[in-house]
Each structure stands twice: as C-alpha cells, then as structure tokens.
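**Student:** One structure is given below, represented as structure tokens, and several questions about it will come after.
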Amino acid sequence: MGGGSRPGGDLFVSAPRVVVVGGGLAGITAALDLADAGAEVTLAEVRPRLGGAAYSVSREGLEMDNGQHVFLRCCDAYRGLLGRLGSSDLVSVQPRLRIPVLRPGHEPYVLRRGGLAPPLHLAGALARYRHLPPHERLGAARAALALMRLTPERAHALEGLTLGQWLARHGQGPRAIAALWDLIALPTLNLPAREASLELGAFVFQTGLLQSAGAGDIGFHEHTLSDTLGSPAERALQDAGVRVLLGWRARGLARGCGGFEVLGGAGGDGDEGGGLSAEGVVVALPHERAAGLLEPLLGERVGAWRELGSSPIVNLHVVYDRRVLDEPFAAGVQTPVQYVFDRSRAGGAAGGHQYLAVSLSGAAREMRMSVDELRELYVPALQALLPRAREARLELFLVTREHAATFRASPGTAALRPQPGPVMPGLALAGTWTATRWPATLESAVMSGHAAARALIAGLEGSAAEPAAALAGR
C-alpha cells in the first residue's frame with residue numbers, strides 16, 4: 001500500500017520548531033519524518049511510554065500485550081516503520097495465508113490460500129470449508145466475486161448499508177456471515193459485519209484478500225509490543241534528534257506570534273506547567289482528545305469527530321499448566337472465542353506452561369462483564385474448542401480492556417473522518433481515525449503520520465519561501 005515513503009533530508013533553510021502531540025504510531029512516524037526533513041521536533045506524550053494503543057504490561061509474572069495486533073503483508077507503511085525502528089526481525093509474516101478454524105465438537109479446518117491468481121487463490125479454501133454446507137460455500141464464492149467487482153465509488157454510494165446487509169443481498173445468511181465473513185470483519189473493523197460499514201469492509205476484503213494473492217498473509221509480533229515498538233521508537237527518535245517529553249499533558253492550543261503555543265506540562269491536572277512554542281503542530285491523538293484540544297481553535301468542525309464514537313476490545317490472558325494448543329493462533333466459529341493466540345514465548349511463560357491470549361473485538365457485551373463472569377463463560381468455551389484444556393489445570397485468568405480501542409466503523413463513518421494533514425496553516429492531524437481509507441489499524445496510524453508530516457513540511461516550506469520571494473522582488 002502507499003504511504004510508506006518518507007521525506008528525505010534537510011528540506012528547510014532554517015530549522016522550524018514543530019511539536020507533535022501524541023506518542024502513538026502516528027505521532028512517532030510524523031516526528032521521525034519531520035526530523036528527517038530538518039525540523040526541530042519535540043514529541044509530547046501524556047503516558048510514561050511510547051506506543052499509544054499498542055503497548056505491553058507486566059502482571060502476575062507475565063508480559064502481556066494490551067491487544068493482539070496483527071498486520072498483513074500489504075501493510076507497507078507499517079512494515080516500513082518497523083524497518084526504521086530496527087524491529088523487522090522481531091516480527092514474522094506467513095509464507096501463505098493460513099487460518100486454523102476451530103469449532104466445538106469438530107476437527108479443525110485450515111483456511112489457506114493457493115498459488116493461483118486472485119480470486120482463484122481462495123477457491124480451494126472455500127470449496128473445502130467444512131464449517132459451511134456445500135451450497136453455502138458456492139454462495140460465498142459468488143458473494144466474494146461480487147465484492148471483488150464492487151468499485152470504491154459504488155461502495156461509497158451504498159455507505160448507508162452495513163457490510164452484513166450487502167452480503168445478505170448477495171445470498172449470505174447469518175450462518176455464512178458468522179462462520180466465514182466475520183473471521184475477517186471482526187478483527188479488522190472491530191465490529192461484526194452486521195454492524196460494520198460496507199465501504200470500510202469492502203476496502204478491507206478487496207485490499208487484503210481479493211486484489212493480490214499474497215496481500216493478506218498475516219504478520220505477527222513475535223516479541224512484546226513494548227519491545228517491538230515502544231523501546232525502539234525511543235531510541236530512533238533520540239537518534240533523529242527529537243526531544244521526547246513523556247508524562248507531558250497537552251491541555252490547550254493557542255495561536256501565537258508566528259505560530260502556536262501548546263499549553264500544558266508534566267504533573268497533575270492542576271499543574272499547567274507552561275507550554276511549548278512552535279511554528280507547526282501535529283496533533284496525533286485519539287479523536288475525542290483531539291476534539292477537546294482543538295475545539296477552541298476550530299469550533300463546531302470538531303463535532304463530527306465526536307460522532308465517530310468508539311468500539312471496545314477485550315483480551316483474556318489464560319495460562320494452563322501444559323500445552324493445549326499446537327497452532328500459533330486459531331479462529332473460532334460457533335463459539336464466543338473469536339481468536340486465540342499462543343503468547344507463551346513472548347509473555348515469558350515457563351516450566352511447560354502455555355499462555356493463551358483470547359482477543360475479543362467489538363466486545364461491548366464483554367466490557368460489561370466481570371472477571372468472574374468472563375471466566376465462567378470462556379473457560380468452558382476454550383475447553384470445548386481445545387480438548388486438552390479439559391484435563392489441564394488453569395493457572396491464571398486475567399482480563400485487559402480497551403473501552404475506546406478504535407473508532408466505531410459503522411455506516412456513515414467516511415463523512416466524519418477528516419483528511420490526515422492540515423486543518424489550518426501550520427496545524428495538521430494524524431491518527432487511525434483520519435481518512436486513510438483503512439479502518440483503525442497499525443497501517444492507518446503510520447500512513448496518517450506520513451501524511452501529516454508531508455502536509456506540514458509543504459506548508460512550512462511555503463511560508464518560509466514567501467518572505468524570501470518578497471525580498472528577491474525588491
């Protein structure tokens with residue numbers, strides 16, 4: 001995908017001061033690009049770490065990622081950032097798309113792509129997919145062909161429809177949607193197909209599965225997210241000359257003489273702490289926080305951002321006294337378990353124990369459940385999927401929750417997402433919620449950071465050139 005390139009060196013006659021607010025992947029990317037272009041960059045992050053929504057925590061002797069963030073081979077921008085951070089050897093990408101699918105009381109089935117050109121690379125997988133009867137497999141193949149032919153313009157015109165409604169119009173019943181289409185929709189859109197935007201859903205399926213045979217091969221983080229992203233980003237920013245302020249809260253943004261003043265500082269809510277002066281600012285915050293920060297400057301324009309809403313993700317961290325899953329990951333159908341990952345090595349499980357992370361997207365129901373309620377539902381569900389779990393001893397059951405993990409990718413989303421880049425001279429936006437065409441993914445974050453940096457560089461170059469041109473004309 002596009003967006004992976006970054007501006008190259010020292011484009012400015014004199015180094016402008018730029019503040020990047022937000023230390024997630026979008027902010028990290030923008031800060032690196034701006035520093036490469038010769039800007040004097042300060043990155044301010046309210047948390048004591050970098051990485052934004054992709055981070056790790058230590059609990060009960062385990063190193064746990066807050067979520068199971070996978071990526072695809074076609075995620076060129078994200079893979080480019082990994083290369084810039086020196087983390088490419090900490091991830092792996094499947095040689096060919098391979099998804100083990102588990103169903104209670106049935107033998108596992110592996111969905112895998114073939115070596116033919118699209119769409120024939122998935123024909124064998126659909127033809128043999130035993131979790132659907134033969135006539136529904138044929139119907140799924142027809143729907144896939146129709147989705148492949150759906151143009152972006154037509155998908156946009158039909159944006160009032162959910163992906164599930166469009167699939168139903170093309171012969172897909174609830175069983176086919178749950179057993180096949182939601183395997184991709186849930187983890188990428190953070191909503192089931194019945195609630196998700198057709199436009200975003202069509203983009204995901206076309207880009208990841210239907211336009212290029214290898215595009216949807218899945219990439220995994222073999223180490224924790226902190227080791228892969230947060231710590232390497234600190235080193236890369238330092239090497240690039242970026243000043244990083246952790247634990248620094250931005251509380252306001254004001255126009256100043258020749259630029260902006262980012263108001264805030266370290267410490268508690270009552271500590272205003274001063275501010276940071278800059279000719280340019282990139283706001284790389286989640287949409288609700290960006291709206292709150294920028295409303296005094298932009299007024300009612302930020303109202304649309306708040307309408308994006310949010311969708312939660314819940315992760316269950318389960319440790320058994322022995323191995324119960326032989327695959328690195330698996331999907332579940334006809335079970336509350338959506339995806340389960342073996343994180344034993346990355347998490348530090350020892351002594352023959354196995355650490356499984358169960359990732360639950362679009363998890364509004366699970367957000368309302370207590371830890372005991374989740375245990376009562378999901379431990380038996382895991383035993384139904386993994387026969388060896390019935391004899392294993394459950395050593396640990398922990399829960400992490402992200403109540404606003406992503407914006408809500410429902411119909412009408414496209415009209416609410418601002419373009420990444422300038423919202424006024426010298427001020428640019430970045431973040432997964434901006435209009436990158438991707439849903440809220442690692443790829444979207446990095447693409448938005450590149451776009452914001454490009455826009456800010458062009459604007460600052462232009463403003464610097466105007467006085468020089470005026471002088472030359474005298």
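The values are calculated or read from the model by the stated rules, or taken from the named source; none is laboratory data. For clarity, every value in this text was computed on a predicted model and none was experimentally measured. Note that each Cβ is placed from the backbone with ideal geometry, even for glycine, and that neighbours are counted across all protein chains shown.
**Student:** Identify the residue in segment 276-313 that is of a type in the set (Asp, Glu) and in contact with a Leu (Cβ under 9 Å, 6 or more places away or on another chain) and, among all such residues, is surrounded by the fewest Cβ atoms within 10 Å (Cβ to Cβ). Even if it seems obvious, please write down each step before you answer.
**Tutor:** Of segment 276-313, the ones of a type in the set (Asp, Glu) are 279, 288, 295, 300, 307.
Narrowing the set further to residues that are in contact with a Leu (Cβ under 9 Å, 6 or more places away or on another chain) leaves 279, 288, 307.
Details: GLU279: 22, GLU288: 17, GLU307: 14.
So, considering only residues that are of a type in the set (Asp, Glu) and in contact with a Leu (Cβ under 9 Å, 6 or more places away or on another chain), the one surrounded by the fewest Cβ atoms within 10 Å (Cβ to Cβ) is GLU307.
**Student:** Exactly one of these conditions fails for PRO118: (1) part of a loop (DSSP other than H, G, I, E, B); (2) without any contact (Cβ under 8 Å) to a residue 24 or more places away in the chain. Give me its number.
**Tutor:** So the condition that PRO118 fails would be (2).
**Student:** Out of (1) free of Cβ contacts under 8 Å to residues at least 12 places away in the same chain; (2) surrounded by 19 or more Cβ atoms within 10 Å (Cβ to Cβ), the odd one out for ASP372 is which?
**Tutor:** The one condition ASP372 does not meet is (2).
**Student:** With the structure loaded, tell me whether PRO119 is at pLDDT below 95 and farther than 26 Å from ALA414 by Cβ or whether it fails that test. Spell out the reasoning first.
**Tutor:** Working: at pLDDT below 95: yes; farther than 26 Å from ALA414 by Cβ: no.
In short, no.
**Student:** Do you know which residues across segment 288-338 are without any contact (Cβ under 8 Å) to a residue 40 or more places away in the chain and touching an Asp or Glu at 6+ places or on another chain (Cβ under 9 Å)?
**Tutor:** VAL302, GLY303, ARG306, ASP326
**Student:** Which residue, of ALA350, ALA330, is at pLDDT below 95 and surrounded by fewer than 23 Cβ atoms within 10 Å (Cβ to Cβ)?
**Tutor:** From the options ALA350, ALA330, the qualifying one is ALA350.
**Student:** Filter segment 121-159 for residues that are in contact (Cβ under 8 Å) with a residue 60 or more places away in the chain and in a helix (DSSP H, G or I) and give the result.
**Tutor:** Of the residues in segment 121-159, the ones in contact (Cβ under 8 Å) with a residue 60 or more places away in the chain are 121-122, 131, 144, 147-148, 156, 159.
The answer is HIS121, LEU122, ALA144, LEU147, MET148, HIS156.
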